[in-house]
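The values are calculated or read from the model by the stated rules, or taken from the named source; none is laboratory data. Since we're looking at a predicted model, the values are computed, not measured. All Cβ positions, even for glycine, are placed from backbone atoms using ideal geometry, and neighbour counts span all protein chains on display. Only protein heavy atoms, including side chains, enter the accessible area calculation; ligands, DNA and RNA are left aside. Shrake-Rupley method; radii C 1.70, N 1.55, O 1.52, S 1.80 Å.
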Amino acid sequence: MRVVIVGGTSGIGLAAAARLAAGGAEVVVTGRSEERLRSALKQLGDQARGEVVDARDTGAMRAFFEGLGTVDHLVVTVTGRGGAGPLSSLTAEGLTEAWRNKLVAHLLTAQAALGVLNPEGSITFVTAASAGAALPGVATLAAVNGAIEAAVPGLAVELAPIRVNAVSPGVIDTDWWSEIGDEARAAFMEGAAESLPVRRVGRPEDVAATIEYVVRNAYTTGIVLTVDGGGRLKA
């Protein structure tokens, strides 16, 4: 089984690559950073290989898949900065960048893989629980992730028998939060943990387990699985 994880050199993508490789899959990871790619491959061992590719570059993604050969499963975990903040501070440039970094990258990566994807395989998008969050300052994040999730059922029918699913993580402690600084990050994670029924924030491995489920379960398609520690249950 060959699995391509686009955005697989750090965080959730790397955890998914490690879990799938440990289960015997041949894993191919991509990312934008040569340094992160080398580090990821060192961690993953002989079951993995990788290439530096920018998921936002449609031509590069097409060339990557054409040179790769048959792929059984595609997992798209790429994300980007920007999009958070109040409506009053939103700019056309920031909104466009948020859509380009995630929605456009996810859908066009899936498109680029279609020519080599096993008809009995799958596509898994990693979105975010902000898609259903009613919180100030996340409207753009909700719109971007919600758009991907809204596409899942239609794509599952359109691309059948290829399976299409999404995994929607809640608060996961990854480097995505690094830009707010160590002190602010620690305070946020502590507050988030106290508010969740499970009393902790998520780890990349929690999401990786769900990704492996939708990749390996050949009778699962057209769904969005939320992995949020019960965050959706909060009043």
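For Gly85, all conditions in the list (1) of a type outside the set (D, E, K, R); (2) open to solvent by less than 60 Å² (accessible area, probe 1.4 Å); (3) in contact with a helix residue (DSSP H, G or I) (Cβ under 7 Å, 6 or more places away or on another chain); (4) assigned to a loop (DSSP other than H, G, I, E, B) hold save one; what is the number of the exception?
The single condition Gly85 does not satisfy is (3).
Every residue in region 201-232 that is open to solvent by 40 Å² or more (accessible area, probe 1.4 Å), out of contact with any Ser or Thr (no Cβ under 7 Å at 6 or more places or on another chain) and closer than 20 Å to Ala160 by Cα, please.
If the condition is that a residue be open to solvent by 40 Å² or more (accessible area, probe 1.4 Å), out of contact with any Ser or Thr (no Cβ under 7 Å at 6 or more places or on another chain) and closer than 20 Å to Ala160 by Cα, then Tyr213, Arg216, Asn217, Ala218, Tyr219, Thr221, Ile223 are the ones that fit.
Report, by residue number, each residue of region 25-70 that is outside any helix (DSSP H, G or I) and either over 16 Å from Val4 (Cβ atoms) or among the aliphatic types (A, V, I, L, M) (or both).
Of everything in region 25-70, those that are outside any helix (DSSP H, G or I) and either over 16 Å from Val4 (Cβ atoms) or among the aliphatic types (A, V, I, L, M) (or both) turn out to be Ala25, Val27, Val28, Val29, Ser33, Ala48, Val52, Val53, Ala55, Arg56.
Which of the residues spanning region 6-24 are under 15 Å from Tyr213 (Cβ atoms) and either in contact (Cβ under 8 Å) with a residue 60 or more places away in the chain or buried (at least 24 other Cβ atoms within 10 Å of the Cβ) (or both)?
Result: Ile12, Ala15, Ala16, Arg19, Leu20, Gly23.
Just one of the numbered conditions (1) without any contact (Cβ under 8 Å) to a residue 60 or more places away in the chain; (2) within 23 Å of Val215 (Cα to Cα); (3) not hydroxyl-bearing (Ser, Thr, Tyr) is not true of Asp57; which one?
Every listed condition holds for Asp57 apart from (2).
Are any of the residues in region 26-42 touching a residue at least 40 places away in the same chain (Cβ under 8 Å) and over 26 Å from Ala142 (Cα atoms)?
Scanning region 26-42, I find at least one residue that is touching a residue at least 40 places away in the same chain (Cβ under 8 Å) and over 26 Å from Ala142 (Cα atoms), so the answer is yes.
Taking Arg185 as the residue in question, decide whether it is charged (D, E, K, R), open to solvent by 40 Å² or more (accessible area, probe 1.4 Å) and in a helix (DSSP H, G or I).
yes
Exactly one condition in (1) over 20 Å from Thr226 (Cα atoms); (2) in contact with a Leu (Cβ under 8 Å, 6 or more places away or on another chain) is false for Pro197; which is it?
Pro197 satisfies all of (1) over 20 Å from Thr226 (Cα atoms); (2) in contact with a Leu (Cβ under 8 Å, 6 or more places away or on another chain) except (1).
Answer yes or no: is there a residue in region 191-198 that is on the phi < 0 side of the Ramachandran plot and in contact (Cβ under 8 Å) with a residue 60 or more places away in the chain.
No, region 191-198 contains no residue that is on the phi < 0 side of the Ramachandran plot and in contact (Cβ under 8 Å) with a residue 60 or more places away in the chain.
Look through region 158-182, keep the residues that are small (Gly, Ala, Ser) and within 19 Å of the chain's Cα centre (by Cα), and return whichever of them is most open to solvent (accessible area, probe 1.4 Å).
Ser178
With Ala110, Ala48 as the choices, which residue is buried (at least 18 other Cβ atoms within 10 Å of the Cβ), under 14 Å from the mean Cα position of the chain (by Cα), more than 22 Å from Gly202 (Cα to Cα) and modelled with pLDDT of 90 or more?
Step by step, each of Ala110, Ala48 is checked, and only Ala110 is buried (at least 18 other Cβ atoms within 10 Å of the Cβ), under 14 Å from the mean Cα position of the chain (by Cα), more than 22 Å from Gly202 (Cα to Cα) and modelled with pLDDT of 90 or more.
Only one of Leu141, Leu135, Leu155 is open to solvent by 30 Å² or more (accessible area, probe 1.4 Å) and either charged (D, E, K, R) or closer than 21 Å to Phe65 by Cα (or both); which?
Among Leu141, Leu135, Leu155, only Leu155 is open to solvent by 30 Å² or more (accessible area, probe 1.4 Å) and either charged (D, E, K, R) or closer than 21 Å to Phe65 by Cα (or both).
What single numbered condition from (1) modelled with pLDDT under 90; (2) among the β-branched types (Val, Ile, Thr); (3) open to solvent by 30 Å² or more (accessible area, probe 1.4 Å) fails to hold for Val198?
(1)
Anything in region 206-235 that is of a type outside the set (A, V, I, L, M) and closer than 17 Å to Leu20 by Cα? List them, or say none.
Listed by number, the residues that qualify are Asp206, Thr210, Glu212, Tyr213, Arg216, Asn217.
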